[in-house]
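Chemist: Below are the C-alpha cells for one structure; questions will follow.
The values are calculated or read from the model by the stated rules, or taken from the named source; none is laboratory data. Just so it is clear, the model here is predicted, and its values are computed rather than measured. Positions of Cβ are generated from backbone atoms using ideal geometry, with glycine treated the same way; all protein chains shown enter the neighbour counts. Each accessible area value is taken on the protein alone, full model and side chains, heavy atoms only, with ligands, DNA and RNA left out. Shrake-Rupley method; radii C 1.70, N 1.55, O 1.52, S 1.80 Å.
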Amino acid sequence: MSAVPESPSRPTVTEREAREVAEAAREQDWRKPSFAKELFLGRFRLDLIHPHPLPADDDVQRGEEFLAKLRDFCETKIDGATIERDARIPDEVITGLKELGALGMKIDTKYGGLGLTQVYYNKALALVGSASPAIGALLSAHQSIGVPQPLKIFGTREQKETFLPRCARTDISAFLLTEPDVGSDPARLATTAVPEGDDYVLDGVKLWTTNGVVADLLVVMARVPRSDRHRGGITAFVVEAASEGVTVENRNAFMGLRGLENGVTRFHRVRVPASQRIGEEGQGLKIALTTLNTGRLSLPAMCVGSGKWCLKIAREWSAAREQWGKPVALHEAVGSKIAFIAATTFALEAVVDLSSQMADEDRNDIRIEAALAKLYGSEMACLMADELVQIRGGRGFETAESLRARGERAVPAEQMLRDLRINRIFEGSTEIMHLLIAREAVDAHLSVAGDLIDPDKSLADKARAGAGAGLFYAKWLPKLVAGPGQLPTAYGEFKHGVDLSAHLRYVERTSRKLARSTFYAMSRWQGKMETKQGFLGRIVDIGAELFAMSAACVRAELLRGRGENGREAYQLADAFCHQARIRVEELFGRLWSNTDDLDRKVVKGVLSGTYAWLEQGVIDPSDDGPWIADATPGPSERENVHRPIR
C-alpha cells in the first residue's frame, strides 16, 4: 500500500526539529527540590517525603463531607451496568453531578467551586470511578486537563471570572490537542489560528476529544503563523463549543469506557476573540505540559480505586470458591496473585497520596513524581485486573450481564480489564512517559555535557563543555560509592515488628547503582543515548519501583504512628517491597543483557517485507480504508452530533 500523502497544511518537520519543539516546551528550571529527581541522581532524600506530609484539618473536613455526599450519590443514582449496556451516561446523572458540585471539585470557592485539595479530588475520582469508570473519565478530563486547570495556572483574572464559575456548576470542558496524524509529535500540528483584527480564525480537525461530544467549553491547541506582529507557534485558546463553524463529526466507540463522550471535532473559520487566548502565543505546549504535571495524578487515582475493587472481589470469590477440598485462595498459585493485588494496591495508594499531598503543599517540584505515578499506576492496574480475571477463571471472561442472566453475581471483571487498558495510552502512552521521565532523569547530565555530545557543536564548544562536565562529575561520582544504605542501623525508625528499614537501605543503595548505570550509559553512547529507548525505559521502571517502595514505607510508618492499621500496613509494605526488589533486579539484569539490537534488525526486516511470508494463511477482517482519516481543513460535510447537557 502506498504511503498516505502529506496534507498540504501539515507542517513537514525533521526529527531534530520535532525534538526542539518538545524541548522548548519543557520546564527548564528546577526551582524546588524533587525527591524523584534526586533518586535518579543517586541521592536518596528521604527527608523530602518523611515524615509524610499531611493535609490541614479544614481541608480534611471539607473533603470528607463531600466524599460522604458523593458516596451516597454513587450508591443511589449511578448504575454502572446501565452505562455499560447503553454506552452512555444518563443526562440526569450528569445533571445530578453538576448539582452536587462535582464539576468544580478543584475550582476555588470564590468562583463557585468546592476548593478541594488534590488529595481529596483524587479520592473522589477513585470513588466515582469505581461506580462508573466513564464518569470518572468525564470528571477528570473536565478538571484535570480541561478549561479549569490551565486557567488556574495561566489564565488572566478576567478569564477566570468569566469561565471558572461556568465550569464549576454548569459547563463541561474538553481538551483538544491530538489530530488524526498528530499524537505525541506536536511539531506537526496542523490546526491553525490565523489572526484577523481582534480575533483568531481557527481551522482544522481534532481527534479523540474526550468530553468533546457534550462539552460547552474547549481548550484548543492551534498553530499561529509567525509574522511581523505575531511571534506565532502552538497556542492555547478557550473556545465556545457552540461557536459557528464548530462541528462534532463523530462520537467514537472504544473497547472500554463505553460511556465516554469522545469525538472528532472540526473547526472551519471559527472566530475566537484574542481575549480567550490562554497565555502568550507559542506557549501552548508549555501550558499543556504544566497542566499535566498535576493533571496526570487523576489517572493513577482511579487506578487505586480499581485495585481496591479487584482486591475486594478476589478476597470474596477466593474464599467462596473451593477446589480440591479448600478455598482457591489457599492454593499457592492463586494466593500469590491475591498477595500481588493487595500489596500493589497499598503501594499505589501510597504513591498517589504522597504525590498529591506534595502537590497541595507546593514545596516540591513533582513533575517526575506525577509522571511516575501515572506510568506505574496505569501499568500495575492493568496487571491487577488481568490477575483478577485469571482468579475468576471462566467467570472472569464472562460479562456481568451474562452472569446475572444465569443467576450468579454480576461481577464486571472483564469490563474492568477493558476499561483500564486505555490508561496506558491516555495522557501520554507508557512509551512516551518512559521518554519524558528519562529526559528529566538525565537532565543534570545533559545540562553539563549537552554541547559535549552534540554533533553539531564546534571543537571549542565541546572543550568548554568537557571542562564543565569534568568539574560536575568530579564532585558527583565519589558520592555514588557509599551511603547510609550500607549502614545496618540506618532508617531504624522504620523497624516495628516488621523491619522496613532494610528496604529503605536497599532503595538508597540501589538509587546510587541506578545513577552509576546512567552515567556509564551516557559515557558509552553519548549523543546516541536518546535512541536507546529500551535502556531508558528500564532505567525509568527501576526508578518507579524505588519511588513506590519509598512511598509504601513512609505510608506504613504514617499509619502506624496514627494507630490506623499500622501492623497490617507494615506487612503490606514489606510484601510489596520484597516483590518490587525482585522486579528491580530483573530490570538491572536487562539493562545490559537484552535483545534490543537484535530486535531492531528484525523490525527492519518486518518493515522491508522480508518476513511477509509469515503473514500468509490468515484472513484480514479489516477493510481497505485509509490508515489515517483525511483532515484537510474546510467546511464540515457531516451531521453535528454535539449534544450539550442542560
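Chemist: Among all residue pairs at least 6 apart or on different chains, which show Cβ distances below 8 Å where the first residue, located in segment 398-417, is exposed (fewer than 13 other Cβ atoms within 10 Å of the Cβ) and the second is part of a helix (DSSP H, G or I)?
Modeler: E408/R395; R409/L403
Quick grid of which residues meet (1) hydrophobic (A, V, I, L, M, F, W, C); (2) open to solvent by 20 Å² or more (accessible area, probe 1.4 Å):
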position: L348; (1), (2): yes, no
position: V352; (1), (2): yes, no
position: R367; (1), (2): no, no
position: L375; (1), (2): yes, no
position: C382; (1), (2): yes, no
position: V389; (1), (2): yes, yes
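Chemist: Across segment 481-511, which residue is least open to solvent (accessible area, probe 1.4 Å) among those that are under 23 Å from Q571 (Cβ atoms) and charged (D, E, K, R)?
Modeler: E508
Chemist: Does A569 qualify as being part of a helix (DSSP H, G or I), open to solvent by less than 20 Å² (accessible area, probe 1.4 Å) and either of a type in the set (G, A, S) or on the phi > 0 side of the Ramachandran plot (or both)? Spell out how you get there, then give the answer.
Modeler: Working: part of a helix (DSSP H, G or I): yes; open to solvent by less than 20 Å² (accessible area, probe 1.4 Å): yes; either of a type in the set (G, A, S) or on the phi > 0 side of the Ramachandran plot (or both): yes.
When the stated conditions are applied, A569 passes them.
Chemist: Pull up segment 254-277, narrow it to residues that are among the β-branched types (V, I, T) and closer than 30 Å to V93 by Cβ, then point me to the one that is most open to solvent (accessible area, probe 1.4 Å).
Modeler: V264
Chemist: Only one of these is in contact with a helix residue (DSSP H, G or I) (Cβ under 9 Å, 6 or more places away or on another chain), free of Cβ contacts under 8 Å to residues at least 40 places away in the same chain and not polar (S, T, N, Q): R392, R367, R315, R363. Name it.
Modeler: R315
Chemist: Would you pick out the residues in segment 154-189 that are in contact (Cβ under 8 Å) with a residue 40 or more places away in the chain, in a helix (DSSP H, G or I) and under 17 Å from G112 (Cα atoms)?
Modeler: Selection gives E158, Q159, K160, E161, F163, L164, P165, R166, C167, A168, R169.
Chemist: A further question follows. Can you tell me how many residues in segment 603-646 are open to solvent by 60 Å² or more (accessible area, probe 1.4 Å) and outside any loop (DSSP other than H, G, I, E, B)?
Modeler: The number of residues fulfilling the criteria is 8.
Chemist: Find the residue count for segment 111-161, including only residues that are under 22 Å from S275 (Cα atoms), touching a helix residue (DSSP H, G or I) at 6+ places or on another chain (Cβ under 9 Å) and not small (G, A, S).
Modeler: Counting residues in segment 111-161 that are under 22 Å from S275 (Cα atoms), touching a helix residue (DSSP H, G or I) at 6+ places or on another chain (Cβ under 9 Å) and not small (G, A, S) gives 17.
Chemist: Still on this structure, I have one more. So is K286 open to solvent by 50 Å² or more (accessible area, probe 1.4 Å), under 24 Å from P186 (Cα atoms), in contact (Cβ under 8 Å) with a residue 12 or more places away in the chain and assigned to a helix (DSSP H, G or I) or not?
Modeler: Here the answer is yes, as K286 does meet what is asked.
Yes/no matrix, rows are residues, columns are (1) among the charged types (D, E, K, R); (2) part of a helix (DSSP H, G or I); (3) surrounded by fewer than 24 Cβ atoms within 10 Å (Cβ to Cβ):
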position	(1), (2), (3)
L103	no, yes, no
K106	yes, no, no
K110	yes, yes, yes
G113	no, no, yes
Y120	no, yes, no
S130	no, yes, yes
L138	no, yes, no
K152	yes, yes, yes
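Chemist: Condition (residue is out of contact with any Leu (no Cβ under 9 Å at 6 or more places or on another chain), exposed (fewer than 15 other Cβ atoms within 10 Å of the Cβ) and modelled with pLDDT under 95) applied to segment 584-591: is it met by at least one residue?
Modeler: no
Chemist: Which residue, of R555, R524, is open to solvent by 20 Å² or more (accessible area, probe 1.4 Å) and either of a type outside the set (D, E, K, R) or at pLDDT below 95 (or both)?
Modeler: It is R524.
Chemist: Name the pairs whose Cβ atoms lie under 6 Å apart, with the first residue in segment 113-137 and at positive phi, the second part of a loop (DSSP other than H, G, I, E, B), and 6 or more positions between them or separate chains?
Modeler: G115/D108
Chemist: To continue, here is another question. Which of the residues belonging to segment 238-247 are under 27 Å from K152 (Cα atoms), touching a His at 6+ places or on another chain (Cβ under 8 Å) and part of a strand (DSSP E or B)?
Modeler: The answer is V246, and nothing else.
Chemist: Hey, another quick one. In segment 191-237, what residues are open to solvent by 10 Å² or more (accessible area, probe 1.4 Å) and outside any strand (DSSP E or B)?
Modeler: G197, D198, D216, P225, R226, S227, D228, R229, H230, R231
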